[in-house]
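I have placed the structure first, in the form of structure tokens, so that the comments after it can refer back to it.
What follows draws every value from the coordinates through simple rules; no lab data is involved. Keep in mind that this is a model prediction, so the values were computed, not measured. Every residue, glycine among them, receives a Cβ derived from its backbone with ideal geometry; neighbour counts consider all protein chains shown.
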Amino acid sequence: MKIKILGSGAGGGLPQWNCNCANCTSARHGDGDVRPRTQSSIAVSENGVDWILINASPDLLAQLRANPELQPARSIRDSGIAAVLLIDAQIDHVTGLLMLRERSAPLPLYACSPVFDDLSSGFPIVPLLGHYCGVERHEITLDEPFSIPPASGIRFTAMSIESKAPPYSPRRNASAPGDNIGLLIENIASGTRVFYAPGLGSASAAVRQAMESAQLVLVDGTFWRSTEMIDLGLSDKHAGDMGHLAQCGHNGTPGMVQLLDALPSATRKVLIHINNTNPILNPHSAEYAVVRARGIEVAHDGMHFQV
Ligand code: MLT
Ligand code: MN
Ligand code: ZN
């Protein structure tokens, strides 16, 4: 099973169009310290030809250009994207669906029912696509393993996680199960597992167990500190208000670094969905040194895994 990180950035990407923070400035000027990153998406494949796109980023077209293996070109109109799976209805995870409208057949779309609800009301991208390629709707049931054709050797299990429905959702402040999921992605033949959760507000016992059972974890790397946006004067919200667990603990709650520390040393631990304000994006920063010393990796676009 192959996993490719198409976009390792959070919403806004890096550099963000209107941001002049230290990371965005460095990425914009290409001084070599901070690598640009596109918005959050990964792709999974069993055979390296047919891919399941997990989240459809606003940067999807640039990601496809940067990853030619997703473009097998077997006929005049063709794509390696066999289906799309959404983990939530956030703008940075769904806007790329619009860029798939030229398909000649309906797009197989896998998501939980609250996500389909938001994408049929507040951000009605599903009915809108009905006027283009159309959507073949596949509703995911929590905790029930499923496969997505043609990748029948990969088993997905969606777990309810605590995070946030999008700002435009009527459930922003009272999430329902299925608004946000973490994914266990398993290579059935080898039994190898990946846990993917780019938006993880807190880790329940079930989430910690899923992380322990995985050989590779790709988890929320949005913020270093809970007060990061407040400290920079960019927002009045804590990481938790946005559904993200910061790497540093806050008010006695352990942070992501502590959670990853508790995993077996052989587990590959990768931070993903990294906001442009996060100091770990600069390889010369003290914060980057802290995560690397603990064996935690910082995702970048194009990073790939064979599991
Ligand atoms: C998030 O991860 O908190 C959201 O994607 C933010 C956004 O959509 O701008
Ligand atoms: Mn996001
Ligand atoms: Zn910035």
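Work the Kirkwood hydrodynamic radius out for the range 223-307: mean of 1/r over every pair of different alpha-carbon atoms, inverted, in Å.
Radius from the Kirkwood sum: 13.6 Å.
Among the lysines, which fall within straight-line cross-link reach of LYS2, defined as a Cα-Cα distance under 27 Å, with same-chain neighbours fewer than 8 residues apart omitted?
Partners within reach: LYS269.
For the chain, set up a Gaussian network in which alpha carbons nearer than 10 Å are linked by springs, and say which option among ARG292, ARG74, ARG193 fluctuates the most.
The residue with the greatest mean-square fluctuation here is ARG74.
If packing is taken as the average count of other Cβ atoms within 10 Å, what order do 23-29, 126-132 fall into, highest mean first?
Ranking, from highest mean packing down: 23-29, 126-132.
What does the extension gain come out to for SER147 and ARG208, with contour length at 0.36 nm per residue minus their alpha carbon separation?
19.6 nm
Calculate one ³J(HN,Hα) per residue across the range 295-307 by plugging θ = phi - 60° into the Karplus curve 6.51 cos²θ - 1.76 cosθ + 1.60, and present them in order as whole Hz with x for glycine and proline.
My calculation for the range 295-307 gives x, 9, 9, 9, 5, 9, 4, x, 4, 9, 9, 10, 10 Hz in order.
Please report how far the C-alpha centroid of the range 65-82 lies from that of the range 131-159, rounded to the nearest whole angstrom.
20 Å
Restricting to Cα pairs below 8 Å that are 6+ residues apart, what does the relative contact order work out to for the chain? Please round to a whole percent.
Normalised by residue count, the contact order of the chain is 19 percent.
Specify, per residue and in Å³, the volume enclosed by the convex hull of the alpha carbon atoms belonging to the range 1-122.
Spelled out: Cα convex hull of the range 1-122, divided by residues, is 124 Å³.
When you count, for each residue, the other Cβ atoms within 10 Å and take the mean per peptide, how do 201-210, 267-276, 104-113, 47-56 rank with the highest first?
Per-residue mean Cβ counts within 10 Å order the peptides as 267-276, 47-56, 104-113, 201-210.
Mind listing P(r) for the range 143-299? All alpha-carbon pairs, 10 Å bins, whole percents.
That works out to 11, 38, 35, 14, 2, in percent per bin.
Compactness ratio of the range 2-306: Cα Rg over 2.2 N^0.38 Å, N = residue count?
0.94
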